C-alpha cells in the first residue's frame, strides 16, 4: 500500500453524532495520529490522549483560513453540516451557508494553504433525489437530482469538489445512505421512535408514538459501519482516483414501518401509533437504496453490523438518557 498515513487529522463536526463515533474509531485504528476535533461548540485548547479540541465555524471563511494556516493538517474529514433534512427545510439559507459555503471555505483554504492535505468529503445519498424514482439501487453514475434544500446544498458542494479535484485539490467524495445508531437526535426517524418508546416506558409521555410516513423505504446503515468506511478511505486515499465518488450503502431498502415494528417488539409497553402531519416531508422519496459495489472493490468494505442489533442499540441509548423531555 502506498498511502501516506494521517499524521495530523482534522475532523470538522467532530462533536456531532457521526463525529463522536468517527473520532473513537480513528483513535483506535490510528493511535499514532494527532486528531484535531473541530466544532463550533468545541472547548478550544483542551487536549486528551492524542486529541486536541479547536473551535471552528466552517461558515466563517477567515476562521477556516486561520485554522488551516496554523494547523497544517495532513488529512481532513469534513462532517460539519446542518444534518437534518427537516432543519434544512426550515432554514434554507442556513443550509446553503453551512453545507455548501462551509465546504467551499474549507476547500479553498486547503487549496491555498495546505495543498498536500487530503480532504475526505462526507456527502449524502440525498444528492440523488428524484433519481431514486427508477426503483433501482443507484450507483455513483446516477444523476444528481436533489428534491430538498439539504440535498441540493450537498450536491452543489459535491460537484464543486469534483471540479476542484481537476485543478489539484486532493479529495474523495463519499456518499453515505441513511445511517443511525446511539447518539443520533430525534430529528431522524429511528431515534424519534426510540426516544418516544423510552419516554413512554419511563411514564413521561402518554402511550402514543407520533410518526411520519411509515411506507417510505430507506437503505439504513449502522453508524459504526459508515465510520469504518471513512477510516478505510483515509487509509487508502492515495491508492484511489483523485476526486472519486464512493457510495456507502447496504443495497437493501427497509420500510420505516418494519423499523418501528422491530422497536415496538423490544418493549412490553402497549403503544398506539399515530400519524403526525408535522412529521410528513414534502417531496419525500418513496424508495431509496444504493449500489455499493465500488466500496466493496476499492475499500474492501461491507456492512458488518446486523440490523436488529443496530435497532436495539438505538433504543438502549435512549433508555439510558436521564428522565426529561427529549
Residue 274/residue 185 FRET efficiency (R0 25 Å; Cβ-Cβ; nearest 0.05) = 0.75
If you rank 307, 318 by fewest surrounding Cβ atoms within 10 Å, what's the result?
-> 307, 318
Among 32, 65, 126, which comes first, second and so on when ranked by fewest other beta-carbon atoms within 10 Å?
-> 32, 65, 126
Here the relative contact order (percent) of the stretch 62-122, from C-alpha pairs under 8 Å and at least 6 apart, is 57
Which whole-number percent gives the relative contact order of the stretch 180-326, counting Cα pairs below 8 Å spaced six or more residues apart?
-> 42
Which value in nm describes the separation of the simple spin-label points at residue 4 and residue 90, placed 7 Å from the Cα toward the beta carbon?
-> 4.2
Take the alpha-carbon centre of the stretch 176-212, take the same for the stretch 226-287, and report the distance between them in whole Å.
-> 14
Ranked list, fewest to most other Cβ atoms within 10 Å of each Cβ, for 267, 310 = 267, 310
What 222 nm value per residue comes from the helices of the chain, counting each DSSP H run with n ≥ 4 as -39,500 (n - 2.57) and dividing by all residues, nearest 500 deg cm²/dmol?
-> -11000 deg cm²/dmol
Write down, largest first, the equivalent ellipsoid semi-axes of the stretch 63-112 in whole Å, where each equals the square root of 5 times an eigenvalue of the alpha-carbon gyration tensor.
-> 25, 10, 7
Please report, for the Cα atoms of the stretch 111-207, the Rg to one decimal and the Dmax as a whole number; what are they, in angstrom?
-> 18.4, 58
Dmax and Rg, reported as Rg then Dmax, of the stretch 178-326 (C-alpha, Å) = 17.2, 54
What percent do you get for the relative contact order of the chain when only Cα pairs under 8 Å and 6+ apart count?
-> 19
Which percent of the Cα-Cα distances in the chain go past 33 Å?
-> 24
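Every number in this text was worked out from the coordinates using simple rules, so none of it is lab data. These numbers were taken from a predicted model, which means no experiment stands behind them. We place every Cβ from the backbone using ideal geometry, glycine too, and count neighbours over all the protein chains shown.
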